[in-house]
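Colleague: Next up is a structure, given as structure tokens.
The values are calculated or read from the model by the stated rules, or taken from the named source; none is laboratory data. Predicted model only: the values in this text are computed from it and were never measured. All Cβ positions, even for glycine, are placed from backbone atoms using ideal geometry, and neighbour counts span all protein chains on display. Ligands, DNA and RNA are excluded from the accessible area calculation, which covers all protein heavy atoms including side chains. Shrake-Rupley method; radii C 1.70, N 1.55, O 1.52, S 1.80 Å.
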Amino acid sequence: MSRLVIVSNRVADPRKAAAGGLAVAIKDGLQQTGGMWFGWSGKTFSDASDANANNHNGVHMQSVGRVQLATVDLNQQDYETYYLGYANNVLWPVFHNRLDLAKFDVRFGSGYRRVNQLFAQRLFPLLKPDDIIWVHDYHLIPLAAELRAMGCGNPIGFFLHIPVPPPLIMAAIPEHEWLMRSLFAYDLVGLQTQSDMMHFVRYAESEAGAEWLPDGYLRAFNRTLRVGAFPIGMDVGEFADLADAREGLDMFSRMRAEYSRRELLLGVDRLDYSKGLPQRIQAFRYLLEHYPENRKRATLIQIAAPSREDLGAYDDLRREMDSLCGAINGDYGELDWMPVRYIHRNVARKRLPGLYRSSQVALVTPLRDGMNLVAKEFLAAQDPADPGVLVLSRFAGAAEQLKEALLVNPYDSQGTAQAIQRALTMPLGERIERHSALMATIRKYDVHWWRNAFLDSLKEAVRATEQHAKPHAS
Ligand code: ADQ
């Protein structure tokens with residue numbers, strides 16, 4: 001059986017529970033099949049002599065059960081240009097439709113290219129002829145092109161965890177043509193949703209003159225690329241086990257005791273401008289103002305894990321959240337009731353199910369999101385006989401699948417507040433009906449489905465490309 005080689009910006013120890021959708025999904029996959037996980041160690045070094053401290057040709061190797069972890073360090077300049085610069089100041093904002101937050105700087109583009117070359121140089125000698133390579137996310141778009149330039153002929157698939165913006169927004173990136181050409185070095189590009197597919201295909205047709213062939217293939221730059229939508233799922237069984245474990249149960253009973261007389265609303269996110277946190281607080285404020293029966297009764301717990309704190313836009317968001325939460329508590333709070341509990345910390349993964357289960361309503365209202373696994377985790381943690389209600393942004397990738405949630409436009413605080421009110425007053429029968437339909441979807445399209453569907457499609461793409469190539473070769 002071929003070995004699976006995963007490449008992503010960060011590598012997580014599979015033994016440890018990690019925050020971040022990508023880490024969670026990959027960890028589950030690799031533990032089952034075994035293989036190698038290659039990426040940045042998360043460490044930087046300031047001079048070349050430190051770099052030599054790396055073993056194995058600049059790669060740290062570590063075996064964890066059936067998984068080999070292979071990591072490289074970055075120098076400070078690469079960290080600033082590749083990671084902070086291009087990945088998080090160009091690609092992340094543009095792909096989330098935030099051209100206003102993008103900072104285009106030629107040094108970022110060259111750092112991005114340099115680190116992708118470095119990854120390819122370090123990875124290539126570790127590869128075996130029948131390895132299947134699966135590259136993840138926006139940090140590594142040109143990796144396959146770099147590997148191909150070194151002579152790598154292995155199957156290489158790419159999965160983008162974030163959304164694809166409309167073609168004209170994509171075209172605002174000065175290097176967009178190079179990025180598009182680089183994508184054609186893959187055999188398969190996987191996206192989260194049908195709407196991402198539509199944007200990608202339209203973009204490739206209009207900007208690269210690509211030809212759309214039957215069965216999801218695009219032809220351009222003398223290469224054939226398969227494109228597919230593979231909405232990422234979660235491990236429903238693992239989450240149910242976590243909910244039944246001691247920490248999960250402890251959390252549940254503590255929350256129930258603390259909030260026995262209250263309705264609990266919950267938000268769990270990374271503190272990121274794509275997650276629509278200020279808009280969510282404003283919608284909650286609108287709810288308290290226009291549906292006063294919720295005063296002294298409803299409490300919003302908003303957990304916002306610190307994220308990318310080296311970036312200015314995140315500082316601004318932090319200040320805005322401090323101020324909005326302070327104002328709502330100051331204006332509406334009572335001695336025995338605070339409307340919002342805002343916690344700027346990570347919650348241990350083991351405690352999340354208990355927190356989800358004790359909440360009547362989850363507010364998952366990003367302005368834009370590739371998928372959003374919190375929405376699915378909330379559903380999986382509910383008591384099927386008395387489930388909570390999911391209020392979900394129509395701009396989260398998850399909205400394409402989770403149609404029985406209460407879908408909202410997060411820019412519209414009045415409409416969102418109305419949906420929250422509806423969630424808080426929804427009869428038990430309707431809650432059960434919606435929850436069981438949603439559970440059927442997340443069970444069917446779980447993380448195992450996601451991994452298998454992507455890898456099967458990659459193998460098929462390689463077979464089909466070989467077929468295409470044959471007549472030309474003879
Ligand atoms: P993220 O933007 O990180 O991921 P998300 O899908 O919500 O977003 O994944 C978050 C994961 O981290 C979940 O497993 C959640 O439990 C955990 N998490 C989030 N906030 C936390 C907190 N405050 N404390 C503890 N744990 C927390 C990117 C894309 C998403 C896409 C995923 C997977 O931006 O759109 O769904 O990748 O593809």
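Colleague: Give the residue that is modelled with the highest pLDDT, with candidates limited to residues of the range 18-36 that are away from the ligand (no atom under 16 Å from the Cβ) and open to solvent by less than 20 Å² (accessible area, probe 1.4 Å).
Modeller: Met36
Colleague: Can you tell me how many residues in the range 175-192 are more than 12 Å from Ala220 (Cβ to Cβ), outside any loop (DSSP other than H, G, I, E, B) and either open to solvent by 20 Å² or more (accessible area, probe 1.4 Å) or charged (D, E, K, R) (or both)?
Modeller: Result for the range 175-192: 1.
Colleague: Further, regarding this structure: As an exercise: evaluate Ile301 against (1) assigned to a loop (DSSP other than H, G, I, E, B); (2) open to solvent by less than 40 Å² (accessible area, probe 1.4 Å) and give the number of the one condition it does not meet.
Modeller: Of (1) assigned to a loop (DSSP other than H, G, I, E, B); (2) open to solvent by less than 40 Å² (accessible area, probe 1.4 Å), only one is false for Ile301: (1).
Colleague: Inside the range 348-364, can you point out the residues that are open to solvent by less than 10 Å² (accessible area, probe 1.4 Å) and within 12 Å of the ligand (Cβ to nearest atom)?
Modeller: Once the filter is applied, which keeps residues that are open to solvent by less than 10 Å² (accessible area, probe 1.4 Å) and within 12 Å of the ligand (Cβ to nearest atom), the range 348-364 yields Pro353, Leu355, Tyr356, Ala362, Val364.
Colleague: Can you name every residue in the range 417-434 that is open to solvent by 10 Å² or more (accessible area, probe 1.4 Å) and either outside the structural domain of Leu379 (by TED's automatic domain parsing) or not in a loop (DSSP other than H, G, I, E, B) (or both)?
Modeller: Gln418, Ala419, Gln421, Arg422, Leu424, Leu428, Gly429, Glu430, Arg431, Ile432, Glu433, Arg434
Colleague: Next question, about the same structure. Being part of a helix (DSSP H, G or I), buried (at least 21 other Cβ atoms within 10 Å of the Cβ) and within 16 Å of the ligand (Cβ to nearest atom): is that true of Ile232 here?
Modeller: For Ile232, the condition - part of a helix (DSSP H, G or I), buried (at least 21 other Cβ atoms within 10 Å of the Cβ) and within 16 Å of the ligand (Cβ to nearest atom) - is not met.
Residue by residue, here is whether (1) within 20 Å of Lys444 (Cα to Cα); (2) under 21 Å from the mean Cα position of the chain (by Cα); (3) not in a loop (DSSP other than H, G, I, E, B) holds:
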| residue | (1), (2), (3) |
| --- | --- |
| Asn329 | no, no, yes |
| Tyr356 | no, yes, yes |
| Ser359 | no, no, no |
| Met371 | yes, yes, no |
| Val374 | yes, yes, yes |
| Pro384 | yes, no, no |
| Gly415 | no, no, yes |
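Colleague: Suppose we filter the range 395-412 for residues that are more than 16 Å from the chain's Cα centre (by Cα), over 16 Å from Thr441 (Cα atoms) and in a loop (DSSP other than H, G, I, E, B); how many remain?
Modeller: Within the range 395-412, residues that are more than 16 Å from the chain's Cα centre (by Cα), over 16 Å from Thr441 (Cα atoms) and in a loop (DSSP other than H, G, I, E, B) number 4.
Colleague: Which residues, counting only those in the range 332-347, are out of contact with any Pro (no Cβ under 8 Å at 6 or more places or on another chain), more than 16 Å from the ligand (Cβ to nearest atom) and touching a residue at least 24 places away in the same chain (Cβ under 8 Å)?
Modeller: Glu334, Asp336, Trp337, Met338, Pro339
Colleague: So which residues in the range 265-284 are away from the ligand (no atom under 16 Å from the Cβ) and closer than 16 Å to Ala423 by Cα?
Modeller: Ala283, Phe284
Colleague: A further question on this structure: Assuming Ser253 fulfils every condition listed in (1) within 24 Å of Gly85 (Cα to Cα); (2) open to solvent by 10 Å² or more (accessible area, probe 1.4 Å); (3) among the hydroxyl-bearing types (Ser, Thr, Tyr) apart from one, which condition is it?
Modeller: Among (1) within 24 Å of Gly85 (Cα to Cα); (2) open to solvent by 10 Å² or more (accessible area, probe 1.4 Å); (3) among the hydroxyl-bearing types (Ser, Thr, Tyr), Ser253 violates only (1).
Colleague: May I pose another question? Check off (1) outside any helix (DSSP H, G or I); (2) surrounded by fewer than 20 Cβ atoms within 10 Å (Cβ to Cβ) for Arg226 and give me the number that stays unchecked.
Modeller: It is condition (2) that Arg226 fails.
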